[in-house]
Every structure is written in C-alpha cells, then in structure tokens.
Amino acid sequence: MKGEEKYRMILNAAKNVFAREGFYNSKVSEIAKEAHVADGTIYLYFKNKDDILISLFEEELTHIINLVKGEIDCISDPREKLVRFCNIHLGLVESDRALAEVIQVELRQSNKFMREYKNKHFLAYLNIIADIVNQGKEQGIFRDDVKSDVVARMVFGSLDEISTYLVTTRRRRFDSYEVAEMVGNIFLGGLAQDTQNTGKG
C-alpha cells in the first residue's frame, strides 16, 4: 500500500472515529483499528491526535474549496453564484454527516486548533464569498459601501449556525436546499444596489 493511500485511509478512519466517539474520547488506537493499520503507523504520518484532526480539516477543506470553485466559476451572475455557494455549503453537510460532525463540533474541541492554528484554508474559503461580493460591486449589482470581507463572514456565520443545527439536532425541521436559497436571497436583498437612488445628486 502506497504512503499517500495509507495517509488518506487514516484520515478517513479518523473522521469516522471522531464523529462516532467525539474528539476527546477518541484514541489513536481506535483510529488505527478503523484504518486497518498498526498503532505505530499512525505516528509515521502524524504527531498526535490534534495533528490528525487539523490535517483532516485541511484536506477536506481543500477538497471543498476546489469543488465550490469548480461549481461557481462558470457562473457569470454574482447573485446566482452566492445562492449556489449557499446550496453547496449546506448540501455538503447533508451528504457527509460524519465530516460535518467533525468540522462543526469536534474541531472546536481542540485547544491546539482554536488557539494556535493559523487557519489559511478557512480564509481561502471566506475569500470565495468575498470575491463574489467584489464581482457584484464591479458589475454595479451590489452596493459600493459594503465591505466584502465583512459580508463574507456574515454569510459564512449564517451558514455555519445552520450547519451546526443540522448536525446537532435529531429532529429535522427544514429542507437544507430551501434554507440555502433563503439565506442567499436574504443577503442578496441587503447587497442589492438601490437603483432608485442611482444617478441622483
């Protein structure tokens, strides 16, 4: 088995163990058993359990960023892009519940991640939203007075809260696609250029 393949098997096993047992309750030996490797093999690739968690986050978010860019790059209308972004984000929560559990809940249980990790992957994800806003401003569709980086965090914050709700509640009360459309359209309403005032001195 090649090293890269074994690395990914360990990360996939860690995702399942963290989601099932919780980060604090999980043991490296459980991850090794799930991945069908010896305990010592884990330490050939990772320093400790926190390192596994952060590596899992980086790998998965890199994949998500590539997926989102591939989906929206061909869309010319920034309004459509923003709604599509919301759909993809919540759709991923529904399609991989184990990963969503790890990112929404377990990742935030790691002191190393919360206090020490320089989250460049997360910033790259936020920049996708910021770029959509900037595109809308350049096209005269979105307001000039909005700060794209602030809007990016506002949009993500809304999706993040809904994602956490989807992961932590047992009783599903709404359709994720419908909510994604609603979130996107609410922000579009706030971003929209006021055409009535355009050209007025």
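Suppose every K and R has +1 on its Cβ and every D and E has -1 on its Cβ; what is the size of the dipole of the stretch 54-191 about the Cα centre, in Debye to the nearest 20? Don't skip to the answer; put the middle values down first.
Details: 18 positive and 22 negative charges, 88 e Å.
Charge dipole, the stretch 54-191, about its Cα centre: 420 debye, nearest 20.
Among all stretches of the chain without exposed trypsin sites (Lys or Arg not before Pro) (DSSP loop, at most 16 other Cβ atoms within 10 Å), which one is longest? Walk me through the numbers before you get to the answer.
Values: sites that count: 2, 27, 47, 118, 143, 147, 170, 171, 172, 173, 200.
After excluding every exposed loop site, the longest remaining stretch is 48-117.
For the chain, rounded, prolate or oblate, judged on the Cα gyration tensor with a ≥ b ≥ c (square roots of eigenvalues), a/c < 1.5 rounded, else prolate if a/b > b/c? Write down the numbers at each step before the final one.
Details: a/c = 2.66, a/b = 2.22, b/c = 1.20.
Prolate shape, in that a/c is at least 1.5 and a/b is the bigger ratio.
Would you be so kind as to identify which of 86, 99, 37 lies farthest towards the positive end of the dipole of the stretch 1-109, taking Lys and Arg as +1 and Asp and Glu as -1 on Cβ and the Cα centre as origin?
With unit charges placed on the Cβ atoms, the residue in question is 37.
How high is the relative contact order of the chain, given as a whole-number percent (alpha carbon pairs under 8 Å, six or more residues apart)?
Details: 176 pairs, mean separation 47.6, N = 201.
With pairs under 8 Å counted, the relative contact order is 24 percent.
So between residue 80 and residue 186, what do we pick up on full extension, going 0.36 nm a residue minus the alpha carbon distance? Can you show the working numbers first?
Numbers: separation 106, 0.36 × 106 = 38.16 nm, distance 1.28 nm.
Residue separation times 0.36 nm, minus the Cα-Cα distance, leaves 36.9 nm.
Just to confirm my numbers, what's the Cα centroid distance between the stretch 135-165 and the stretch 62-99 in Å?
If you average the Cα positions of each part, the centres end up 14 Å apart.
Ordered by residue, what ³J(HN,Hα) values in Hz, to whole numbers, does the stretch 175-184 give under the Karplus form 6.51 cos²θ - 1.76 cosθ + 1.60, where θ = phi - 60° and Gly and Pro are x?
Karplus-based 3J(HN,Hα) across the stretch 175-184 equals 8, 5, 5, 4, 5, 4, 4, 5, 4, x Hz.
Report the full-extension gain for the segment residue 20 to residue 146: residue separation times 0.36 nm, less the Cα-Cα distance, to one decimal in nm. All intermediate terms of the calculation are to be shown ahead of the outcome.
Details: separation 126, 0.36 × 126 = 45.36 nm, distance 4.14 nm.
Once the chain is fully extended between residue 20 and residue 146, it gains 41.2 nm.
Here, each number is a calculation from the coordinates, and none is a lab measurement. The structure presented is a predicted model; accordingly, all values stated were derived computationally and were not measured. Virtual Cβ from ideal backbone geometry, glycine too; neighbours counted across all protein chains shown.
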